[in-house]
Amino acid sequence: MNRIFSGIQPTGNLHLGNYLGAIRNWVSLQGDYECIFCMVDLHAITVWQDPAELRRCTREVTAGLLAAGIDPKKNVVFNQSTVPAHAQLAWVFNCVARMGWLNRMTQFKEKAGKNKENASVGLFAYPDLMAADILAYKATHVPVGEDQKQHLELTRDIAQKFNNDYGVEFFPITEPLILGEATRVMSLRDGAKKMSKSDASDYARINMTDDADAIAQKLRKAKTDPEPLPETVDGLEGRPEAANLIGIYAALSDKTKAQVLAEVGGKPFSDFKKDLTELAVSVLTPINGEMARLMADPGSVDAVLREGAERAAAIAEPILKDVYEIVGFLKP
Ligand code: AMP
Ligand code: TRP
């Protein structure tokens with residue numbers, strides 16, 4: 001059986017990288033797999049979150065998924081903290097994963113910055129919780145952006161070590177699905193930096209809540225280089241800003257970079273940016289309108305999460321029970 005699990009942090013500034021690296025792929029996978037999509041609020045609090053803002057963002061990110069075309073009847077859509085199995089299995093995995101494994105995680109190093117001593121213990125153990133998210137459902141496939149690859153390798157290591165240590169064939173060895181032409185969307189201000197929710201400059205990213213004017217303005221100001229666009233993918237080598245904008249165009253139009261370059265190669269950036277703006281506005285503004293509509297009716301979003309939590313728990317609880325049995329916990 002194939003089952004997909006993926007998660008997204010319910011923090012502010014849901015952006016084009018989240019959409020192209022994750023959400024858009026989730027939408028196209030939903031017909032072919034049993035899918036579970038989770039707002040990972042337990043992960044969000046590994047760095048400080050204002051409680052009211054966390055609640056608002058949990059609804060907003062859920063609204064983003066629904067507006068993008070995730071069907072909450074066909075798929076399970078819920079927030080992580082409502083299903084205790086995530087935290088419970090994460091504890092078991094804290095005892096399976098090794099300090100040395102977690103010490104190698106680049107996301108921890110980036111997020112903790114220079115002052116590692118002051119990072120939360122949760123931020124360090126973050127990948128164990130992510131492995132628990134996935135394996136609490138015995139998910140076989142996990143669609144994510146490129147930046148999550150290392151965490152998924154760790155998930156495989158945890159599954160393998162658990163199976164070996166306890167002499168069982170219990171957890172599947174999960175496959176990452178890193179799909180599309182924009183698996184790592186870069187900042188619009190700096191082609192060497194990932195587009196991220198936490199970038200201080202709002203001009204670095206296109207938010208899923210941006211209207212047509214904001215999208216146009218950000219793309220007009222996006223960093224480029226002085227050369228016209230190349231005719232072939234090889235010509236993008238050493239031109240990170242061009243590669244990024246072409247990748248975005250390709251992903252938004254469901255074409256390959258080569259197909260896009262066959263159309264726009266030789267154009268100056270000023271012309272290409274107009275095409276890209278038109279495309280981005282045509283894809284994003286309907287989503288943005290639907291998100292606003294859903295946010296005006298938070299009760300409907302909450303109802304989706306409530307139903308999703310029940311369905312998620314029904315899958316995860318028996319798996320956690322088996323884990324407790326395997327580990328040797330005495331039943332009450
Ligand atoms: P996060 O917002 O960190 O919870 O990420 C949610 C999903 O979006 C994950 O699958 C990430 O890999 C993906 N993602 C985040 N930023 C980017 C980006 N700049 N490019 C592509 N995918 C991204
Ligand atoms: N760590 C992921 C991110 O920051 C979010 C996440 C948490 C996740 N649990 C997951 C992604 C399980 C896929 C599967 O993007």
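The values are calculated or read from the model by the stated rules, or taken from the named source; none is laboratory data. The shown structure was predicted, so the numbers you read here are calculated from the model rather than taken from an experiment. Glycine gets a Cβ as well: all are built from the backbone with ideal geometry, and neighbour counts include every protein chain shown. For the accessible areas, the whole protein counts, side chains as well, though only heavy atoms, and no ligand, DNA or RNA atoms are used. Shrake-Rupley method; radii C 1.70, N 1.55, O 1.52, S 1.80 Å.
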Relative contact order of the chain, defined on C-alpha pairs under 8 angstrom at six or more residues apart (%): 24
Work out from phi, with θ = phi - 60° and the Karplus expression 6.51 cos²θ - 1.76 cosθ + 1.60, the ³J(HN,Hα) of each residue of the stretch 294-303, listed in order in whole Hz, and give x for Gly and Pro. 5, 5, 7, 10, x, x, 6, 5, 4, 5
Compare E153, E317, E263 in a GNM of the chain, Cα atoms joined below 10 Å, and give the one with the largest fluctuation. E263
Furthest towards positive pole of dipole, P143, N94, N13, structure part the chain, Cβ charges: N94
Counting Lys and Arg as +1 and Asp and Glu as -1 over every other residue whose Cβ sits under 11 Å from the Cβ of L179, the net charge comes to -1
Whole percent per 5 Å bin, from 0 to the bin with the longest distance: what is P(r) over all C-alpha pairs of the stretch 202-293? 2, 14, 26, 24, 17, 10, 4, 2, 0
Taking the alpha-carbon distance from K138 and a cut-off under 19 Å, which lysines remain once sequence neighbours fewer than 8 residues away in the same chain are dropped? K74, K149, K161, K321
Size of charge dipole - the stretch 202-293 - debye, nearest 20, with Cβ of Lys, Arg +1 and Asp, Glu -1, no other charges: 180
Please state the shape class of the stretch 33-177: rounded when a/c is under 1.5, otherwise prolate if a/b exceeds b/c and oblate if not, all from the C-alpha gyration tensor. oblate
I'd like the Karplus ³J(HN,Hα) series for the stretch 323-332: coefficients 6.51, -1.76, 1.60, θ = phi - 60°, whole numbers in Hz, and an x wherever there's a Gly or Pro. 4, 4, 5, 4, 6, x, 6, 6, 6, x
Leaving out ligands, DNA and RNA, and with a 1.4 Å probe, what % of the accessible surface on the chain is carbon or sulfur? 52
So who's got an amide H within less than 5 Å of the one on H15, skipping anything under 5 residues away but keeping other chains? H placed 1.01 Å off N, in plane. M208
Could you tell me the accessible area of Y126 in Å² (1.4 Å probe, neighbours in place), rounded to the nearest ten? 10
Compute the accessible area per residue over the chain, keeping the other protein chains in place, probe 1.4 Å, unit Å². 46
Coarse-grained scattering of the chain at q = 0.08, 0.09, 0.12 Å⁻¹, given as base-10 log I(q)/I(0) from a Debye sum over alpha-carbon atoms: -0.39, -0.50, -0.86
